[in-house]
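> One structure follows; several queries about it will come next.
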């Protein structure tokens, strides 16, 4: 119970502190446009504890990899040394807000996070607006991006995420293409952003003139066989499963127990080794997973080249995993890595670490070549990815060389 008051006290002290040289202004660029030598602190808010921690770990690893990569001579902003400060929100929006204030008071020029939590990132916007500090996130929630932009409620929010529609569309299209009867079913976890994904899929099906029968289940459910039997009775030959983690494993295992083996399209978590060990092969053989960015999908799972190869090499220095050992977790970290590349490129374009100038650079339409593709933003478009950036893959094939195998 003392943790929050103590943290608030520390934040208040930090806000009053600062040495004689800390006047809140950014060092000027030296002659020729090169920034004066300086250290720039980037704050990362993530979940290191709690149920969400395993899913967040690759994003943290990628942040560490990005710092090493940029400081190893790959930064576009000359004269800058980057420093990373990490804070644990436990995926708690209230704590995320406190941590954002703490990091900014401590000198962070930009905040990455709450990295994959839309409630946390939305909660931080009041702080970003007040302090005029840029915040990046990887969450694709429309609740953020519909209000982000120079004229919106979240003028300092930027993403490398896409939006919910971009996230749902590749999976829906894979399901529609795989259905011989035109009858599709979906089952979704009734928690967080997931119901919104099912709603978007319903809208896409209506436009296509297809039948999409829908069932939901609670996060506390231990059995979904009744819902699956109802969906089977609809005559659907393809099933969309909007779930991840233990709930996804529950649905896939219950399909075998019901004796229904439709074509299945679901989340990238279907590539998790522990899930595949628990789910019968008769079910897994029918599974397509996604979306992941198209830069990580190839016909045969070949080793990548260019910036994708550079990213995996940087990740190896953090995780110890090398070629032949890469997996879905390494791929998901690319969101964070690209945020660091984007911020560095914007500092270089602005010729300054002043947040307003960096924001103007990001909004200018500049293009940043990242691991996940080419990113661009504008005063009104802040999600940083296009719908063509995403693809589905075969989760039963190895991604060990650095790319996953495209669905044949």
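> Tell me which of these residue 169 doesn't satisfy, since it passes every other one: (1) surrounded by 16 or more Cβ atoms within 10 Å (Cβ to Cβ); (2) farther than 24 Å from residue 253 by Cα; (3) modelled with pLDDT of 95 or more.
Here residue 169 meets the rest and fails (3).
> Taking residue 342 as the residue in question, decide whether it is in the same structural domain as residue 175 (by TED's automatic domain parsing), modelled with pLDDT of 95 or more and surrounded by 23 or more Cβ atoms within 10 Å (Cβ to Cβ).
So residue 342 does not fit the description; no.
> Give the residues of the stretch 304-332 that are within 24 Å of residue 108 (Cβ to Cβ) and at pLDDT 90 or above, sorted by residue number.
Passing the criteria: 311, 314, 315, 317, 318.
> Out of all the residues in the stretch 150-159, which are touching a strand residue (DSSP E or B) at 6+ places or on another chain (Cβ under 8 Å) and over 21 Å from residue 102 (Cα atoms)?
Matches in the stretch 150-159: 159 only.
> Determine the pairs where a residue that is in the same structural domain as residue 143 (by TED's automatic domain parsing), located within the stretch 196-210, has a partner that is assigned to a helix (DSSP H, G or I) and at pLDDT below 95 with Cβ atoms under 9 Å apart, the partner being 6 or more residues away or on another chain.
Going by the 9 Å Cβ cut-off, there are no qualifying pairs.
> Additional query: Can you tell me which residues in the stretch 143-156 are surrounded by 21 or more Cβ atoms within 10 Å (Cβ to Cβ) and either closer than 20 Å to residue 358 by Cα or not assigned by TED's automatic domain parsing to the domain that holds residue 376 (or both)?
145, 148, 154, 156
> Let me ask you something else. State all residues of the stretch 71-89 that are touching a helix residue (DSSP H, G or I) at 6+ places or on another chain (Cβ under 8 Å) and at pLDDT below 95; if no residue qualifies, say none.
Selection gives 78, 89.
> Which of the residues belonging to the stretch 211-220 are crowded, with 16+ Cβ neighbours inside 10 Å and out of contact with any strand residue (DSSP E or B) (no Cβ under 6 Å at 6 or more places or on another chain)?
217, the sole residue that qualifies.
> Another one. Please go through the stretch 360-384 and give me each residue that is part of a helix (DSSP H, G or I) and either without any contact (Cβ under 8 Å) to a residue 40 or more places away in the chain or surrounded by fewer than 22 Cβ atoms within 10 Å (Cβ to Cβ) (or both), ordered by number.
360, 361, 363
> Quick one: residue 224 ticks every box in (1) farther than 16 Å from residue 185 by Cβ; (2) touching a strand residue (DSSP E or B) at 6+ places or on another chain (Cβ under 7 Å) bar one, so which box is it?
It is condition (1) that residue 224 fails.
> Looking at residue 159 and the list (1) surrounded by fewer than 17 Cβ atoms within 10 Å (Cβ to Cβ); (2) in the same structural domain as residue 62 (by TED's automatic domain parsing), which single condition is not satisfied?
(1)
> Tell me the residue from 68, 135, 107, 79 that is more than 20 Å from the chain's Cα centre (by Cα) and free of Cβ contacts under 8 Å to residues at least 60 places away in the same chain, please.
Exactly one of 68, 135, 107, 79 is more than 20 Å from the chain's Cα centre (by Cα) and free of Cβ contacts under 8 Å to residues at least 60 places away in the same chain, namely 79.
> I need the full set of residues from the stretch 69-91 which are surrounded by fewer than 16 Cβ atoms within 10 Å (Cβ to Cβ) and in a helix (DSSP H, G or I), in order please.
Of everything in the stretch 69-91, those that are surrounded by fewer than 16 Cβ atoms within 10 Å (Cβ to Cβ) and in a helix (DSSP H, G or I) turn out to be 71, 72, 73, 74.
> Just need a number here: residues in the stretch 281-296 that are modelled with pLDDT of 95 or more and outside any helix (DSSP H, G or I).
So the answer is 5.
The values are calculated or read from the model by the stated rules, or taken from the named source; none is laboratory data. These numbers come from a predicted model, not from an experiment. For neighbour counting, all protein chains shown are included, and Cβ atoms are generated from backbone atoms with ideal geometry for every residue, glycine included.
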